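Peer 1: Take a look at this one; I'll ask things after.
Bear in mind these aren't lab numbers, they're just calculated from the coordinates by the rules spelled out. Because the structure is a prediction, the values reported are computed rather than measured. Neighbour counts run over all protein chains shown; Cβ positions are idealised from the backbone, glycine included.
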Amino acid sequence: MIQDPEPLLHPREISSLRPTQITVGLREVERKQQEWRHRAEREGPDFLGRHMLPVVIGPKDRAYLIDNHHLALALHREGVKHVLVHVIADLSMLARPAFITFMDNRNWLHPFDAKGVRQDYDDIPKQVAGLADDPYRSLAGALRRAGGYAKVDTPYAEFLWADFLRRRIKPARVDDHFDKALSDALAFANSRDTAHLPGWSGISD
């Protein structure tokens, strides 16, 4: 049954949340960890109350995280045990094959590895602690914050930008000269080459 987003009154353990993607950008996770450290003592409970994580309830009443993987992993790495969630859909009545098909058709799964190659659904980790690093996802996140493109509701928009950048900026530049890689990314973002990507805000003439 599809529901309007509705907060659950009881928190879920972060370790029990099932990811719906294979990778995150660890630079992005570390940035969120730093933000949490600055907020934890002063407004920790309020922050968690304002950042309920969206989930879909699947077979065996498991909660599948469909956004905010970076925040979930950051909080987990900082020792936070529980978060509040809000339920986007309750699909607990479905068998796993039907559940996976439904999730994929709604674009609520992103089974792509750190090279941007699609993998089997079973390769998605069962816990957020198992999420792998995709440095280009970090670059795409930094590009958006630098004004390279706008935040949009398109699912996995940052991964689309990451895949574009992956084909044009060498891994060594991202790993060893991140600021220079970001400058390169900003130049691409302001060109027609990226006009097909979500949130594009580059030149128009």
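Peer 1: Farthest toward the dipole's positive end in the chain, which of 147, 172, 85, given Cβ charges of +1 (Lys, Arg) and -1 (Asp, Glu) about the Cα centre?
Peer 2: Result: 172, furthest along the dipole toward the positive end.
Peer 1: Moving to a separate point now. In nm, give the distance between the simple-model label positions of residue 78 and residue 98, each being 7 Å from the Cα along the Cα-to-Cβ direction.
Peer 2: Here the answer is 4.0 nm between the modelled labels.
Peer 1: Treating cross-link reach as a plain straight distance, find the lysines whose alpha-carbon is under 24 Å from the alpha-carbon of residue 60, omitting any fewer than eight places away in the same chain.
Peer 2: Within the straight-line cut-off, residue 60 pairs with 81, 126.
Peer 1: Here's another thing I want to ask about it. Roughly how many debye, to the nearest 20, is the charge dipole of the chain about its Cα centre, given +1 on each Lys and Arg Cβ, -1 on each Asp and Glu Cβ, and no other charges?
Peer 2: With Lys and Arg at +1 and Asp and Glu at -1, about 260 debye.
Peer 1: Each label point is 7 Å from the Cα along the Cα-to-Cβ direction; what then is the distance between the points at residue 146 and residue 30, in nm?
Peer 2: For residue 146 paired with residue 30, the spin-label model returns 1.7 nm.
Peer 1: Another question, then. In 10 Å bins starting at zero, report the fraction of Cα pairs in the chain per bin as a rounded %.
Peer 2: Taking every Cα pair in the chain, the percentages come to 8, 32, 35, 20, 4, 0.
Peer 1: Count the net charge of all other residues whose Cβ sits under 9 Å from the Cβ of residue 137, scoring Lys and Arg as +1 and Asp and Glu as -1.
Peer 2: Around residue 137, the surrounding residues sum to -3.
Peer 1: Take the Cα pairs of segment 163-205, get the Kirkwood Rh, then feed it into Stokes-Einstein at 25 °C and 0.890 mPa s and tell me D in µm²/s.
Peer 2: Using the Kirkwood radius from Cα pairs, D works out to 226 µm²/s.
Peer 1: Sticking with this structure for a sec: Normalised radius of gyration for segment 119-204, please: alpha carbon Rg relative to 2.2 N^0.38 Å, two decimal places.
Peer 2: Output field value: 1.14.
Peer 1: Moving on to the next point. Hey, which lysines would be in cross-link range of residue 151, C-alpha to C-alpha under 21 Å, not counting anything within fewer than 8 residues on its own chain?
Peer 2: Cross-link targets: 32.
Peer 1: Over 5 Å intervals from 0, what percent of Cα-Cα pairs in segment 51-124 sits in each interval?
Peer 2: Percent of Cα pairs in each bin: 3, 14, 22, 23, 19, 14, 4, 0.
Peer 1: For a protection proxy built on the mean count of beta-carbon atoms within 10 angstrom, sort 101-109, 140-148 highest first, please.
Peer 2: Descending packing order for the listed peptides: 140-148, 101-109.
Peer 1: Another one. I'd like the distance between the alpha-carbon centres of segment 62-92 and segment 119-143, rounded to an integer number of Å.
Peer 2: 15
Peer 1: With each label point set 7 Å from Cα along the Cα-Cβ vector, what nm distance links residue 122 and residue 193?
Peer 2: Rounded to a tenth, the inter-label distance reads 3.9 nm.
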